[in-house]
Amino acid sequence: MSIDTQYAYLARSKESHLSTVTPRVARLLKRAWGLPYESESGDAIVKSPSRVCAVKAMCLECMGYEAGAIDAIRDCQSVACPLHAVRPFQDAKLAKIKARRERIVPLGMKRKT
């Protein structure tokens, strides 16, 4: 399969995926992929791919784009996920406290507070 054929397949795959999600999620996915999208006012916007949007999109996909996905992402228990520590919709202070508690402290050393 040539590189042009692979890119064409990828573009078709993305377009078919966008047709299955809500307009708000479609904007987020387009932003994550670096595709042109419309703002809420209808203006066409083109920006480079966003890492933050990519993480949000991945977490939403993991939760199945279901209603209440934001709460599900906030309460996510998949600690083996590489994005767990940087998942969106966390309270900043709570995230810092959790990160401090989860830090591994070698035996005989005191934890910094």
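The values are calculated or read from the model by the stated rules, or taken from the named source; none is laboratory data. These figures come from a predicted structure and were not determined experimentally. When we count neighbours, we look across all protein chains shown, and the Cβ atoms used for this are built from the backbone with ideal geometry, even at glycine.
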Some residue of the stretch 72-87 being outside any helix (DSSP H, G or I), touching a Cys at 6+ places or on another chain (Cβ under 6 Å) and modelled with pLDDT of 80 or more: yes
Restricting to the stretch 57-80, give me the number of residues that are within 24 Å of TYR7 (Cα to Cα) and in contact (Cβ under 8 Å) with a residue 24 or more places away in the chain. 2
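Could we say that SER48 is among the hydroxyl-bearing types (Ser, Thr, Tyr), more than 18 Å from THR22 (Cβ to Cβ) and at pLDDT below 85 here? Let's see the steps before the verdict.
On the way: among the hydroxyl-bearing types (Ser, Thr, Tyr): yes; more than 18 Å from THR22 (Cβ to Cβ): yes; at pLDDT below 85: yes.
Taking the combined requirement at face value, the residue satisfies it.
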Output the residues belonging to the stretch 1-29 that are of a type in the set (A, V, I, L, M), surrounded by 10 or more Cβ atoms within 10 Å (Cβ to Cβ) and either without any contact (Cβ under 8 Å) to a residue 24 or more places away in the chain or touching a Cys at 6+ places or on another chain (Cβ under 9 Å) (or both). ALA8, LEU10, ALA11, LEU18, ALA26, LEU28, LEU29
Among (1) surrounded by 11 or more Cβ atoms within 10 Å (Cβ to Cβ); (2) at pLDDT below 85 - the single one CYS62 does not satisfy: (2)
